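The values are calculated or read from the model by the stated rules, or taken from the named source; none is laboratory data. Since the structure is predicted, the reported quantities are computational estimates derived from the model, not experimental observations. Ideal geometry is used to build each Cβ from the backbone, glycine not excepted, and the neighbour counts take in all protein chains shown. Surface accessibility is based on the protein's heavy atoms, side chains included, excluding ligands, DNA and RNA. Shrake-Rupley method; radii C 1.70, N 1.55, O 1.52, S 1.80 Å.
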Amino acid sequence: MKKKRAVVKEVYTLDDLRNLHDVDPPIRLGVFGDPVEHSLSPRMQNAALRHYKIDMQYARFQISPDELREAINLIRKLEFIGVNLTIPHKISALELLDMADDNVKRIGAVNVIKVEAGKVHGFNTDGRGFARAIREVFSVDLRDLRVMMLGAGGAARAIALQCAKENSERLVIVNRSFEKAQKLAHQLRDFFAGPKVLGPVPRLQAIPVEEAAIRFQIANVDLIVNATPVGLNRGDPSPIAARLLAPHLMVYDTIYSAERTPFVAAAIEAGARATNGLSMLLHQGALAFEIWFQHEAPIEVMRTALR
Ligand code: NAP
């Protein structure tokens, strides 16, 4: 029989998802987002699929918030292995899941869906992906670090929970809406109940975005993580000015749209070590691959594809 011709599109729509039968190799994985055209996930996931000669492809789907329910119902029926979820679906998808793992319940956000026997299971690999990235980039484990987290949204919550689970020395949460930082700190308080750091500073703190408070904390942290979108848009400032940063710091910007984000540039100017979020993207994607296939991800193949 003549082989079906591949229909290759950069971005598919909900309508394409309704009529996927003529695509070859079949699309059985993807990312749902709005916008989604900039997602780098297809590059690394398709490289991994080709590496293992798995006859399927991973595609981008432009899915708006009001289309998400139908899109998830469709993948239940279409023999999908699973999907990634990105902005703005990570939180709203929670109510559409049949099952959620412990991370998803604690974080309140899902970035990986696996379909099994028509049921959708939710996972969150951002925290573990972040921990692997820190180990790889700075050769240090989270448990040895005093961490300052900028943000209290989905990514920040995943990273903060990972710091808590790995028993980081300290965690300082800084957020524009201070009450959200306080709420997150309150949720994590049991993890930080034990004594660890000698000295006057508490192990777990929420602080407002105020220069004096940030300046004081910077002397008492090792790693600063930007988990806000500040730096994503052209002309954005660094979320913390270079004059407040110091050479002893490690700086991790979860943004990966540029190699030298405003935060990375400010950190380098201050003499600190700094990197963007590409390594977290890689590792959260590798962990997703492992959830879908119960098989080790070809990390170097995926890394090369991202470059
Ligand atoms: P989110 O849930 O919308 O949370 C955004 C957070 O940033 C909130 O705490 C918000 O503060 C804060 N924020 C937003 N705009 C701000 C501004 N102009 N000034 C100060 N704070 C601001 O978003 P998310 O899903 O966590 O994503 C956050 C970032 O993480 C994005 O840039 C995304 O690209 C990145 N990310 C990277 C990876 C990776 O693999 N590298 C994975 C996931 C996410 P309020 O509470 O005050 O609104």
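Angle check, please: helix 178-188 long axis (alpha carbons) against the longest principal axis of the chain (alpha carbons), in degrees 0 to 90, nearest 10.
That helix lies at roughly 80 degrees to the long axis.
Would you kindly state the longest site-free stretch of the chain, with sites defined as GluC sites (Glu not before Pro) in a DSSP loop (not H, G, I, E, B) surrounded by at most 13 other Cβ atoms within 10 Å? If you can, show how the numbers build up before the last one.
On the way: sites that count: 10, 37, 79, 210, 259, 296.
Result, exposed sites excluded: 80-209.
Looking at 38, 168, 111, which one has the Cα that reaches farthest to the positive end of the dipole of the chain (charges on Cβ: Lys, Arg +1; Asp, Glu -1)?
Result: 168.
How long is the gain from residue 248 to residue 99 if the chain were fully straight, where each residue apart is worth 0.36 nm and the alpha carbon distance is subtracted?
49.4 nm
Given charges of +1 on the Cβ of Lys and Arg and -1 on the Cβ of Asp and Glu, with all other atoms neutral, how large is the dipole of region 96-179 about its Cα centre, in debye to the nearest 20?
100 debye
Most mobile of 193, 100, 117 per a Gaussian network model of the chain (Cα springs, under 10 Å)?
117
Rounding to the nearest 20 debye, state how big the charge dipole of region 38-156 is about its Cα centre with +1 on each Lys and Arg Cβ and -1 on each Asp and Glu Cβ.
280 debye
Rounded to the nearest 20 Debye, what is the dipole magnitude of the chain about its Cα centre when Lys and Arg each give +1 and Asp and Glu each give -1 at the C-beta?
Roughly 300 debye for the chain.
Quick check: at a probe of 1.4 Å, how many percent of the accessible area of the chain sits on carbon and sulfur atoms?
Answer for the chain: carbon and sulfur cover 52 percent of the accessible area.
Among 125, 218, 154, whose Cα lies farthest out toward the positive end of the dipole of the chain, if unit charges sit on the beta carbon of Lys, Arg (+1) and Asp, Glu (-1)?
The listed residue farthest towards the positive side: 125.
Tilt of helix 41-51 relative to the longest C-alpha principal axis of the chain, in degrees (0 to 90, nearest 10)?
60 degrees
Just the number, please: percent antiparallel of the DSSP beta bridges in region 161-307, rounded to the nearest 5.
For region 161-307, the DSSP antiparallel bridge percentage is about 0.
222 nm [θ] for the chain, helices only, -39500 (n - 2.57) per DSSP H run of 4+, per residue, to 500? List each step's numbers first, then the result.
Working: 12 runs with 112 residues, N = 307.
The helix-only estimate for the chain comes to -10500 deg cm²/dmol at 222 nm.
Putting +1 on Lys and Arg Cβ atoms and -1 on Asp and Glu Cβ atoms, find which of 86, 74, 49 reaches farthest to the positive end of the dipole of region 42-112.
After comparing all options, I get 49.
Counting only the backbone N, which residues of region 129-148 are under 18 Å from the spot 7 Å out from the Cα of residue 306 toward its beta-carbon?
Zone members listed by number: 129-142.
Let a ≥ b ≥ c be the square roots of the eigenvalues of the Cα gyration tensor of region 229-291; is it rounded (a/c under 1.5), or, if not, prolate (a/b larger than b/c) or oblate?
Since a/c reaches 1.5 but b/c is at least a/b, the shape of region 229-291 is classed as oblate.
Could you sort 174, 209 by their accessible area in this structure, using a 1.4 Å probe and putting the largest first?
Largest to smallest exposure gives the sequence 209, 174.
Return one whole number: the accessible area per residue of region 11-80 in Å², for a 1.4 Å probe.
47 Å²
Can you pull the three principal axis extents for the Cα set of region 1-128, in Å, largest first?
49, 31, 31
Connecting C-alpha atoms closer than 10 Å in a GNM of the chain, tell me which of 149, 44, 99 has the biggest fluctuation.
Highest fluctuation of the listed residues: 99.
So for the chain: antiparallel DSSP bridges make up what percent, rounded to the nearest 5?
Values: 8 of 42 bridges.
Roughly 20 percent of the beta bridges in the chain run antiparallel, per DSSP.
Tell me the angle of helix 68-77 to the major Cα principal axis of the chain, expressed in degrees between 0 and 90 and rounded to the nearest ten.
It works out to around 50 degrees.
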